[in-house]
1. Could you tell me what percent of the accessible area of the range 36-164 is made up of carbon and sulfur, with a 1.4 Å probe and every protein chain present?
2. Working out 0.36 nm times the residue gap between Glu264 and Glu307, then minus their Cα-Cα distance, what length gain in nm do you get to one decimal?
3. Using the Cα gyration tensor of the range 109-150, with a ≥ b ≥ c the square roots of its eigenvalues, what is the shape: rounded (a/c below 1.5), prolate (a/b larger than b/c) or oblate (neither)?
4. Multiplying the sequence separation of Arg300 and Thr231 by 0.36 nm and subtracting their Cα-Cα distance, what value in nm do you get?
5. Along the charge dipole of the range 114-194, Cβ charges K/R +1 and D/E -1, which of Leu145, Pro121, Ile161 sits furthest on the positive end?
6. Percent of Cα-Cα pairs per 10 Å bin, from 0 to the last occupied bin, for the range 1-50, please list those.
7. Leaving ligands and nucleic acids out of the surface, order Arg300, Arg154, Arg45 by accessible area at 1.4 Å, largest first.
8. Would you list the P(r) distribution for the range 1-150, with all Cα-Cα distances sorted into 5 Å bins from 0 and each bin expressed as a whole %?
Amino acid sequence: MKILAPLGSLQEVEMLAENGAEEFYCGITPMEWIEKYSPGVWLNRRNPFAGVMSLKELQNIVNASHSYNIPVYLTLNAPYYVQEQYPMLLELITRCTQDIGVDAFIVSDIGLMMAMKEHVPAAVIHVSSLAAPLNTGSVQLYRELGAERIVLSRSVQIEEIAELKAAAGDIELEMFILNDGCVYEESFCHTTHNRAGAFCAQSQWEYIALPTDGNVSLNHTERQALENQVTDYREFVWFVNDCGCQLAQDGLPLGPCGLCALPELYRAGIDSLKIVGREGSPYRKLASVQLVKAVVEQVRAKAADDEIQSFARKVRNQPSFCDSGLMCYYR
């Protein structure tokens, strides 16, 4: 069970490697792509400036990471790509595989997976959560397509893992452990990370309209119940959106968290724990890695489940947030 950390630049490699990162992932948007497609079409599911801007910098990142024996995975996880984009993508994958030494590609588009296996068979595919690996059928499909790892969607819960693991066979499984939620099922959602912005995460939206046309009458109890639903949903959205995109007073990141579930994830055979946040500040990444490492060390030391969960809550240092259950990936 390795700790997978996000990278935004070469300067972050040493800092994160020395503090517990065991795998890295990053994005890249070459200038050729920006000139042809941007600003309207993103290569990854992040703003181009949240990742690496040149192959030279990517090479330096890979070299530095490999000096720590840490693999580097490159994201190609837009919801889809069109046929005319494949030649540029395949050229990028070929160079990154043969010349730069990227260890794997996190891919969402099934057509691109098939093209990679045909044109760049040496490229290792990790299936992105954006490809909707939600059930045994999808896991078996990606296994047939030659994937070596599958990043399970955020909505997958602990009780579903055993069946998915059996369907995956020898394929590695990766799950989210810290930072960034999604109000909807991200793999079916095109509302965020694009020109529309993350409007689903805006708390000022009116999520429900109370009937006022006279055809439906509500008594006080029914009206109060509907108003409570609005309040509860706003609170849920606030937690999903990293508690208002802020850090706690002690500097630790707030937002979705799966630390209490680590003993069960470990027993279920999860291979990698994904920390989200390529676009985050270096300090947020550092604090996230340190937080996950502290709890993972308890698991590796074979501490009792209740001790691990108590420790996780202690290091999070947000008892009211933990008690709410709304900050939990795995309830």
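The values are calculated or read from the model by the stated rules, or taken from the named source; none is laboratory data. All values derive from a computational prediction rather than experimental measurement. Every residue, glycine as well, gets a Cβ built from its backbone with ideal geometry; the counts of neighbours run over all protein chains shown. Protein only, heavy atoms only, side chains kept; ligands, DNA and RNA dropped before computing areas. Shrake-Rupley method; radii C 1.70, N 1.55, O 1.52, S 1.80 Å.
1. Heavy-atom surface of the range 36-164 belonging to carbon and sulfur, 1.4 Å probe: 51 percent.
2. Length gained between Glu264 and Glu307: 14.2 nm.
3. Judged from the Cα gyration tensor, the range 109-150 comes out prolate (a/c at least 1.5, a/b above b/c).
4. Taking Arg300 through Thr231 to full extension adds about 20.9 nm, to one decimal.
5. Pro121
6. Histogramming the range 1-50 at 10 Å steps yields 24, 39, 26, 11 percent.
7. From most exposed to least exposed: Arg300, Arg154, Arg45.
8. 2, 10, 20, 22, 21, 15, 8, 2, 0
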